[in-house]
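Everything on this sheet refers to the single structure shown next.
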Amino acid sequence: MKPQLHFGAFLYTPGTHSAGWRHPDAVPLTDMHYPYYVEMARTAERGKLDTIFLQDTAAIGGSGGLDGGSPYRPSQGRQVHLEPVSLIAALAAVTTHIGLISTATTTYNEPYNIARRFATIDHISGGRAGWNLVTSQVEDEAGNFGLARHVDHAKRYDRAIEFYDVVVGLWDSWEADAFLRDKQSGIWFDFDKMHFLHHRGEHFSVRGPLNVSRTPQGRPVVAQAGSSDIGRELAARGADLVFTAQVTVEEGQAFCADLRGRAERYGRGPNDIKILPGLMPIVGRTDEEAEERFQQLQELIDDKLAIRSVARLAGDLDI
């Protein structure tokens, strides 16, 4: 069988382009209006895409942490959005085939809860759930979880690695045929096919087993999007799917080769990880029309927001 391309839709409402919500044809209500998510999911499914993917941040960005160092950004469109794990559960009921991937951070969650939620959605969807494993990057999230400052990068990834191990271990709590539900014998499940985790590590102590049976997929798909050295190592260790945003073909090829080389060290094959580079298509009937639309979007960007976006890559700028 020939290799196939895989396509997914990143539903970054109300638009990936920072000024997209201001376009005359845009519908800004997509950030909170559930019927629009239903329409987008069904459209993606009708177009034969493999999956839809929903990002998450557990904070309103822009405060610079609890000290309020940086101002909020009223001109930035993405301020509120539906909680994505709940949302993909709802979308499972109105779609049939498309994959449903949601972000859930390892920094401000507990592994038992995450394992249980995604296993449940995998059952609800008939085997279409995916967990995008991330470590929180936005400083503002710390203030919503009892911390004065964000956990540093290395510690976030140490926790994420152990978090992943616990979640996957909990998904293996039950063998596929563990539940007999035998009325004649009165035996509900086979005790020998139930497995306690008994995990004790630096960050977590989790007994198990999970109180959700083995899922239709065996376990939900695991996606990852970190491009740092330790992020790639985490992806190579256990991700089924990696989202990336390389700028050139050469950079993309190097990223792919590096990631698959790392995966081999964990006993994984070159095709065990699917790599999806991100694109923001600007559609037009001609090149000229597409370019005109792009320039129209660029002209709608707020100057201060544009400078802050550049500063994320270039360092502090005088604004």
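The values are calculated or read from the model by the stated rules, or taken from the named source; none is laboratory data. Since the structure is predicted, the reported quantities are computational estimates derived from the model, not experimental observations. Note: ideal-geometry Cβ built from the backbone for every residue, glycine included; neighbour counts use all protein chains shown. The area values use the complete protein model at the heavy-atom level, side chains included, leaving out ligands, DNA and RNA. Shrake-Rupley method; radii C 1.70, N 1.55, O 1.52, S 1.80 Å.
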>> Need one word for the stretch 88-221: rounded, prolate or oblate. Basis is the Cα gyration tensor (sqrt eigenvalues a ≥ b ≥ c); a/c below 1.5 gives rounded, then a/b vs b/c decides.
In response: oblate
> If you roll a 1.4 Å probe over the heavy atoms of the protein chains, what accessible area per residue do you get for the stretch 175-319, in Å²?
Replying inline: 67
> Which of the peptides 234-242, 98-106 is most tightly packed, and how do the rest follow, judged by the mean count of other Cβ atoms within 10 Å per residue?
Replying inline: 98-106, 234-242
>> On a full-extension model of 0.36 nm per residue, what is the gain between residue 198 and residue 298, subtracting their alpha-carbon distance, rounded to one decimal in nm?
In response: 30.6 nm
>> I need two numbers for the chain: Rg to one decimal and Dmax as a whole number, Cα atoms only, in Å.
In response: 21.3, 76
